[in-house]
Amino acid sequence: MKIELIKGDITSITADAIVNAANTSLLGGGGVDGAIHKKGGKAILEECIAIRNRQGGCATGQAVITTAGLLPAKFVIHTVGPVWNGGHKKENELLRSCYLNSLKLAYDHQLKTIAFPGISTGIYHFPKEKAAEIALQAVQDFENIAAFDKIIFVCFDDENYEIYQKLSSPLNPVL
Ligand code: ADP
């Protein structure tokens, strides 16, 4: 298993799955969520609505999977990150759950490559360095990580890219 760091737009990534930083409604929003729905087309929203009708959206820390519609990826895994609230509302644990539950869903679907954005580090204001530490730790801790070929972290902004570069470089030889 290899960790790769990419600076850019997750909607352009060819992977078995890309992860969306969605919200509990699953009906789309701004940021990466808006970009995925805009470029992926209506098939993604239709499946999100079907899931919503079935189970009432997606709770914070949980994940659901849909088609990737017109995107180059095969699937979109929608996970709902926590809104940063000063760190007193289990934000760290919930963010870790986002990564672990997304990996579990990918593993259950026999997916080999998965690309993550910096969940919660945009509109939800999670501190970026802490979020990157949690992301990298969750990947290392996932019990079936060896089943994956590649985990891609896609950084949209320079700040996240620099943080991930700093934190992930010592890990790569180990993983
Ligand atoms: P959240 O509500 O979980 O904070 P956002 O979409 O606002 O979600 O931001 C999550 C992260 O995704 C931020 O680091 C933001 O810079 C990044 N981002 C926004 N658009 C894209 C994109 N097209 N590809 C990859 N990352 C993106």
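The values are calculated or read from the model by the stated rules, or taken from the named source; none is laboratory data. Because the structure is predicted, anything quoted here is derived from the model rather than measured. Every residue, glycine as well, gets a Cβ built from its backbone with ideal geometry; the counts of neighbours run over all protein chains shown.
Values as computed for the structure displayed
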item: The one condition in (1) part of a helix (DSSP H, G or I); (2) surrounded by fewer than 20 Cβ atoms within 10 Å (Cβ to Cβ); (3) touching a Ser or Thr at 6+ places or on another chain (Cβ under 6 Å) that Pro72 fails to fulfil; result: (1)
item: Residue match in region 47-57 (condition: touching a helix residue (DSSP H, G or I) at 6+ places or on another chain (Cβ under 9 Å), more than 20 Å from Thr121 (Cα to Cα) and either surrounded by 23 or more Cβ atoms within 10 Å (Cβ to Cβ) or modelled with pLDDT under 95 (or both)); result: yes
item: So Ile51, is it more than 22 Å from Ser12 (Cα to Cα), in contact with a Leu (Cβ under 9 Å, 6 or more places away or on another chain), of a type outside the set (D, E, K, R) and not in a loop (DSSP other than H, G, I, E, B); result: yes
item: Qualifying residues in region 54-69 (those that are small (Gly, Ala, Ser) and part of a loop (DSSP other than H, G, I, E, B)) - the one nearest to the chain's Cα centre (by Cα); result: Gly61
item: Test result for Val139, aliphatic (A, V, I, L, M) and within 15 Å of the ligand (Cβ to nearest atom); result: no
item: Lone qualifier among Ile123, Ile114, Ile134 - being aliphatic (A, V, I, L, M) and touching a strand residue (DSSP E or B) at 6+ places or on another chain (Cβ under 8 Å); result: Ile114
item: Hits in region 3-46 (condition: over 21 Å from Leu111 (Cα atoms), in contact with a Cys (Cβ under 7 Å, 6 or more places away or on another chain) and buried (at least 21 other Cβ atoms within 10 Å of the Cβ)); result: Leu26
item: Flag if Ile3 is more than 9 Å from the ligand (Cβ to nearest atom) and in contact with a strand residue (DSSP E or B) (Cβ under 7 Å, 6 or more places away or on another chain); result: yes
item: Enumeration of residues in region 118-127 that are buried (at least 22 other Cβ atoms within 10 Å of the Cβ) and at negative phi; result: Gly118, Ile119, Thr121, Phe126
item: Matching option when the condition is in a helix (DSSP H, G or I), surrounded by fewer than 19 Cβ atoms within 10 Å (Cβ to Cβ) and more than 15 Å from the chain's Cα centre (by Cα), among Lys130, Lys104, Lys89; result: Lys130
item: Selection within region 143-175 - farther than 18 Å from Lys7 by Cα, in contact with a strand residue (DSSP E or B) (Cβ under 9 Å, 6 or more places away or on another chain) and part of a loop (DSSP other than H, G, I, E, B); result: Phe148, Asp149, Leu171, Leu175
item: Candidates Gly31, Gly56 - the one that is without any contact (Cβ under 8 Å) to a residue 40 or more places away in the chain and on the phi > 0 side of the Ramachandran plot; result: Gly56
